[in-house]
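Take a look at the structure set out below.
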Amino acid sequence: MPGQLIPDRSPTKPDAPSMPRRDVQASFTDHTITVYQAYSPQIADAAVEAQTFVAPFKRERMTWIKPSFLWMMYRAGWAAKPGQERILEIQLTRDGFEWALAHAALSSYESGTYASQQQWAERKNASPVRIQWDPDRSVTLAPLNRRAIQIGLSGEAVDRYLDQWITKITDITPFAERVHRQVSDGRLDAAREELPVERVYPVPAPILGLIGASEPQVDEPA
(Lines give C-alpha, C1' and ligand atoms only; values in the text may rest on other atoms or scores of the structure.)
Protein backbone atom coordinates (compact mmCIF):
# COMPACT_ATOMS: atom_id res chain seq x y z
CA MET A 1 0.00 0.00 0.00
CA PRO A 2 1.48 3.40 -0.89
CA GLY A 3 2.48 5.59 1.98
CA GLN A 4 5.36 6.74 4.10
CA LEU A 5 6.51 6.76 7.68
CA ILE A 6 4.91 9.40 9.86
CA PRO A 7 6.96 12.57 10.41
CA ASP A 8 9.10 13.20 13.46
CA ARG A 9 7.38 14.75 16.48
CA SER A 10 8.57 16.59 19.55
CA PRO A 11 9.10 14.35 22.59
CA THR A 12 7.03 14.33 25.75
CA LYS A 13 8.96 11.59 27.57
CA PRO A 14 11.66 11.64 28.75
CA ASP A 15 11.29 15.21 29.99
CA ALA A 16 14.37 16.61 28.24
CA PRO A 17 13.17 18.37 25.07
CA SER A 18 16.18 17.15 23.08
CA MET A 19 15.47 13.46 23.68
CA PRO A 20 14.20 11.65 20.58
CA ARG A 21 10.76 10.08 20.85
CA ARG A 22 10.40 6.38 21.39
CA ASP A 23 7.19 5.27 19.74
CA VAL A 24 6.42 1.77 18.54
CA GLN A 25 5.73 2.53 14.89
CA ALA A 26 4.41 -0.30 12.78
CA SER A 27 1.93 -1.48 10.21
CA PHE A 28 -0.99 -3.10 12.00
CA THR A 29 -4.65 -4.05 11.76
CA ASP A 30 -7.27 -4.63 14.45
CA HIS A 31 -5.84 -8.09 15.09
CA THR A 32 -2.28 -8.32 13.74
CA ILE A 33 0.96 -6.36 13.60
CA THR A 34 3.75 -6.60 11.01
CA VAL A 35 7.37 -7.22 11.93
CA TYR A 36 10.41 -8.01 9.81
CA GLN A 37 13.32 -10.41 9.99
CA ALA A 38 16.20 -11.18 7.61
CA TYR A 39 17.67 -14.64 7.17
CA SER A 40 19.65 -16.89 4.87
CA PRO A 41 17.80 -18.54 1.97
CA GLN A 42 17.81 -21.88 3.80
CA ILE A 43 16.01 -20.54 6.87
CA ALA A 44 13.70 -18.26 4.85
CA ASP A 45 12.58 -20.99 2.43
CA ALA A 46 11.76 -23.38 5.27
CA ALA A 47 9.88 -20.68 7.19
CA VAL A 48 7.74 -19.64 4.22
CA GLU A 49 6.86 -23.27 3.48
CA ALA A 50 6.00 -24.10 7.10
CA GLN A 51 4.52 -20.67 7.88
CA THR A 52 6.59 -20.60 11.04
CA PHE A 53 10.28 -20.94 11.79
CA VAL A 54 11.63 -24.48 11.63
CA ALA A 55 15.08 -26.06 11.24
CA PRO A 56 17.65 -24.90 10.31
CA PHE A 57 16.28 -22.04 12.47
CA LYS A 58 17.40 -22.60 16.07
CA ARG A 59 14.65 -21.78 18.56
CA GLU A 60 17.08 -21.96 21.49
CA ARG A 61 18.76 -18.75 20.28
CA MET A 62 17.43 -15.22 20.77
CA THR A 63 15.64 -13.92 17.67
CA TRP A 64 15.04 -10.22 17.00
CA ILE A 65 11.91 -8.81 15.38
CA LYS A 66 11.69 -5.28 14.00
CA PRO A 67 8.44 -3.38 13.25
CA SER A 68 10.32 -0.70 11.26
CA PHE A 69 10.79 -1.70 7.61
CA LEU A 70 13.55 0.84 7.01
CA TRP A 71 15.43 -0.16 10.16
CA MET A 72 15.33 -3.73 8.86
CA MET A 73 16.72 -2.50 5.55
CA TYR A 74 19.50 -0.72 7.41
CA ARG A 75 20.31 -3.82 9.44
CA ALA A 76 20.26 -6.13 6.41
CA GLY A 77 21.87 -3.71 3.96
CA TRP A 78 18.86 -3.98 1.65
CA ALA A 79 19.20 -7.81 1.75
CA ALA A 80 22.88 -7.69 0.74
CA LYS A 81 24.56 -8.77 3.99
CA PRO A 82 25.62 -12.42 4.33
CA GLY A 83 22.99 -14.46 6.13
CA GLN A 84 20.40 -11.71 5.62
CA GLU A 85 19.75 -12.11 1.89
CA ARG A 86 16.05 -12.77 2.36
CA ILE A 87 13.63 -10.32 3.96
CA LEU A 88 10.59 -11.83 5.66
CA GLU A 89 7.41 -9.98 6.57
CA ILE A 90 5.76 -11.66 9.54
CA GLN A 91 2.22 -11.06 10.69
CA LEU A 92 1.69 -11.87 14.35
CA THR A 93 -1.20 -11.41 16.72
CA ARG A 94 -1.43 -8.16 18.61
CA ASP A 95 -2.10 -10.16 21.77
CA GLY A 96 1.20 -11.95 21.30
CA PHE A 97 3.08 -8.76 20.50
CA GLU A 98 1.76 -7.08 23.62
CA TRP A 99 2.62 -10.15 25.70
CA ALA A 100 6.20 -9.76 24.51
CA LEU A 101 6.30 -6.09 25.47
CA ALA A 102 4.74 -6.78 28.88
CA HIS A 103 7.40 -9.42 29.62
CA ALA A 104 10.37 -7.37 28.42
CA ALA A 105 13.35 -5.63 29.94
CA LEU A 106 15.65 -3.09 28.34
CA SER A 107 18.97 -4.53 27.19
CA SER A 108 20.81 -1.78 29.09
CA TYR A 109 20.10 -0.02 32.37
CA GLU A 110 18.35 3.37 32.20
CA SER A 111 17.81 5.46 35.31
CA GLY A 112 14.63 7.00 33.90
CA THR A 113 13.03 3.58 33.41
CA TYR A 114 14.27 1.63 36.43
CA ALA A 115 14.54 2.71 40.05
CA SER A 116 17.96 1.11 40.40
CA GLN A 117 20.45 -1.08 38.57
CA GLN A 118 19.42 -3.91 40.87
CA GLN A 119 15.78 -3.58 39.84
CA TRP A 120 16.82 -3.62 36.18
CA ALA A 121 19.08 -6.65 36.67
CA GLU A 122 16.34 -8.58 38.45
CA ARG A 123 13.79 -7.81 35.74
CA LYS A 124 16.25 -8.62 32.98
CA ASN A 125 17.11 -11.98 34.55
CA ALA A 126 13.40 -12.83 34.85
CA SER A 127 12.34 -11.61 31.39
CA PRO A 128 12.44 -13.66 28.16
CA VAL A 129 12.29 -10.50 26.02
CA ARG A 130 14.83 -7.72 25.41
CA ILE A 131 14.10 -4.21 24.13
CA GLN A 132 16.50 -1.93 22.29
CA TRP A 133 15.80 1.54 20.91
CA ASP A 134 17.97 2.56 17.97
CA PRO A 135 17.81 5.53 15.59
CA ASP A 136 15.12 4.92 13.00
CA ARG A 137 16.14 5.36 9.37
CA SER A 138 15.08 7.42 6.39
CA VAL A 139 14.65 5.96 2.92
CA THR A 140 18.35 6.64 2.32
CA LEU A 141 19.05 4.83 5.63
CA ALA A 142 20.26 8.04 7.28
CA PRO A 143 19.51 8.19 11.04
CA LEU A 144 16.37 10.06 12.11
CA ASN A 145 15.66 11.95 15.31
CA ARG A 146 13.36 9.25 16.64
CA ARG A 147 13.93 5.75 17.89
CA ALA A 148 12.81 2.44 16.42
CA ILE A 149 12.18 -0.54 18.65
CA GLN A 150 13.88 -3.91 18.34
CA ILE A 151 12.44 -6.81 20.28
CA GLY A 152 14.58 -9.83 21.16
CA LEU A 153 12.72 -13.05 21.95
CA SER A 154 14.20 -15.96 23.89
CA GLY A 155 13.01 -19.00 25.82
CA GLU A 156 9.26 -18.98 26.40
CA ALA A 157 8.83 -15.93 24.13
CA VAL A 158 10.39 -17.75 21.15
CA ASP A 159 8.16 -20.77 21.72
CA ARG A 160 5.07 -18.57 21.85
CA TYR A 161 6.20 -16.65 18.75
CA LEU A 162 6.73 -19.79 16.68
CA ASP A 163 3.83 -21.86 17.98
CA GLN A 164 1.07 -19.32 18.72
CA TRP A 165 1.63 -15.78 17.50
CA ILE A 166 2.66 -16.03 13.84
CA THR A 167 -0.29 -15.90 11.44
CA LYS A 168 1.55 -15.41 8.13
CA ILE A 169 5.10 -15.26 6.74
CA THR A 170 5.78 -13.66 3.36
CA ASP A 171 9.09 -13.36 1.52
CA ILE A 172 9.25 -9.69 0.46
CA THR A 173 12.84 -9.72 -0.81
CA PRO A 174 11.81 -8.66 -4.37
CA PHE A 175 9.90 -5.72 -2.89
CA ALA A 176 12.90 -4.66 -0.80
CA GLU A 177 15.17 -4.90 -3.81
CA ARG A 178 12.78 -2.81 -5.91
CA VAL A 179 12.69 -0.03 -3.32
CA HIS A 180 16.48 -0.18 -3.08
CA ARG A 181 16.81 0.24 -6.85
CA GLN A 182 14.62 3.33 -6.71
CA VAL A 183 16.75 4.78 -3.92
CA SER A 184 19.95 3.95 -5.80
CA ASP A 185 18.56 5.65 -8.91
CA GLY A 186 17.74 8.77 -6.90
CA ARG A 187 13.98 8.28 -7.24
CA LEU A 188 13.38 8.93 -3.55
CA ASP A 189 9.78 10.10 -3.88
CA ALA A 190 8.90 6.92 -5.77
CA ALA A 191 10.65 4.87 -3.09
CA ARG A 192 8.76 6.64 -0.31
CA GLU A 193 5.47 5.94 -2.06
CA GLU A 194 6.29 2.23 -1.94
CA LEU A 195 6.99 2.09 1.79
CA PRO A 196 4.62 0.27 4.14
CA VAL A 197 2.38 2.66 6.06
CA GLU A 198 3.65 2.72 9.63
CA ARG A 199 1.90 4.57 12.44
CA VAL A 200 2.17 4.77 16.19
CA TYR A 201 1.00 1.53 17.76
CA PRO A 202 -1.31 2.00 20.77
CA VAL A 203 0.86 0.33 23.39
CA PRO A 204 -1.23 -0.20 26.56
CA ALA A 205 -0.39 2.48 29.12
CA PRO A 206 0.93 0.08 31.82
CA ILE A 207 3.52 -1.25 29.36
CA LEU A 208 4.96 2.10 28.23
CA GLY A 209 7.11 2.53 31.31
CA LEU A 210 8.32 -1.07 31.21
CA ILE A 211 9.90 -0.61 27.79
CA GLY A 212 11.07 2.99 28.15
CA ALA A 213 8.63 4.28 25.52
CA SER A 214 7.39 7.85 25.18
CA GLU A 215 4.00 8.80 26.55
CA PRO A 216 1.34 9.39 23.86
CA GLN A 217 1.06 12.89 22.44
CA VAL A 218 -1.77 14.92 23.98
CA ASP A 219 -3.31 15.41 20.53
CA GLU A 220 -3.27 11.67 19.83
CA PRO A 221 -5.55 8.93 21.11
CA ALA A 222 -3.94 6.81 23.77
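The rule of thumb for compact globular proteins, 2.2 N^0.38 Å, goes into the C-alpha radius of gyration of the chain 1.00 times.
Taking R0 as 25 Å, what FRET efficiency do you get between SER154 and GLU98 from their Cβ-Cβ distance, rounded to the nearest 0.05? That gives a FRET efficiency of 0.90. Using a probe of 1.4 angstrom and keeping all protein chains present, the accessible surface of the chain works out to 48 square angstrom per residue.
Here the contact order of the range 90-169, divided by its residue count and restricted to Cα pairs under 8 Å and six or more residues apart, works out to 39 percent. Annotation for the range 21-70: trypsin sites (Lys or Arg not before Pro) lying in DSSP loop with at most 12 further Cβ atoms inside 10 Å of their Cβ are LYS58, ARG61. The equivalent ellipsoid of the range 82-208 has semi-axes of 31, 19, 13 Å, largest first, where each one is the square root of 5 times an eigenvalue of the Cα gyration tensor.
For the chain, which span is the longest to avoid every loop-located (per DSSP) member of GluC sites (Glu not before Pro) having at most 15 other Cβ atoms inside 10 Å? The longest uninterrupted stretch comes out as 111-222. Charge tally around GLN182: other residues with Cβ under 12 Å, Lys/Arg +1 each, Asp/Glu -1 each, net -1. If I take R0 = 45 Å and measure r between the Cβ atoms of GLU110 and LEU188 in this structure, what FRET efficiency does the formula 1/(1 + (r/R0)^6) give, to the nearest 0.05? Calculated transfer efficiency: 0.85. Taking amide H as placed 1.01 Å from N in the peptide plane, the amide H of ASP136 sits under 5 Å from that of LEU144, ARG146, ARG147, ALA148, each at least 5 places away or on another chain. Near VAL54, the amide H atoms lying under 5 Å from its own belong to ALA47; only residues 5 or more places off or on other chains count, and H is placed 1.01 Å from N.
Computed from phi, the 3J(HN,Hα) profile of the range 138-149 under the Karplus parametrisation 6.51, -1.76, 1.60 (θ = phi - 60°) reads 7, 5, 8, 6, 6, x, 10, 8, 7, 10, 9, 8 Hz, with x in place of Gly and Pro.
Once all protein chains are placed together, HIS31 keeps about 140 Å² accessible to a 1.4 angstrom probe.
Our coupling estimate for the range 110-117, obtained by passing each phi through the Karplus curve with A = 6.51, B = -1.76, C = 1.60 and θ = phi - 60°, is 9, 5, x, 9, 10, 5, 7, 5 Hz, Gly and Pro reported as x. 3J(HN,Hα) couplings calculated from phi for the range 28-33 with the Karplus curve 6.51 cos²θ - 1.76 cosθ + 1.60 (θ = phi - 60°) are, in sequence order, 7, 10, 5, 10, 10, 9 Hz; Gly and Pro show x. Less than 5 angstrom separates the built amide H of THR32 from those of ARG94, all sequence-distant by 5 or more or on a different chain.
The values are calculated or read from the model by the stated rules, or taken from the named source; none is laboratory data. This one's a predicted model, so the numbers in the text were calculated from it and none came from an experiment. Backbone-built Cβ (ideal geometry, glycine too); neighbour counts: all protein chains shown. The protein model used for the area step is the full one, side chains on, heavy atoms only, and it has no ligands, DNA or RNA in it. Shrake-Rupley method; radii C 1.70, N 1.55, O 1.52, S 1.80 Å.
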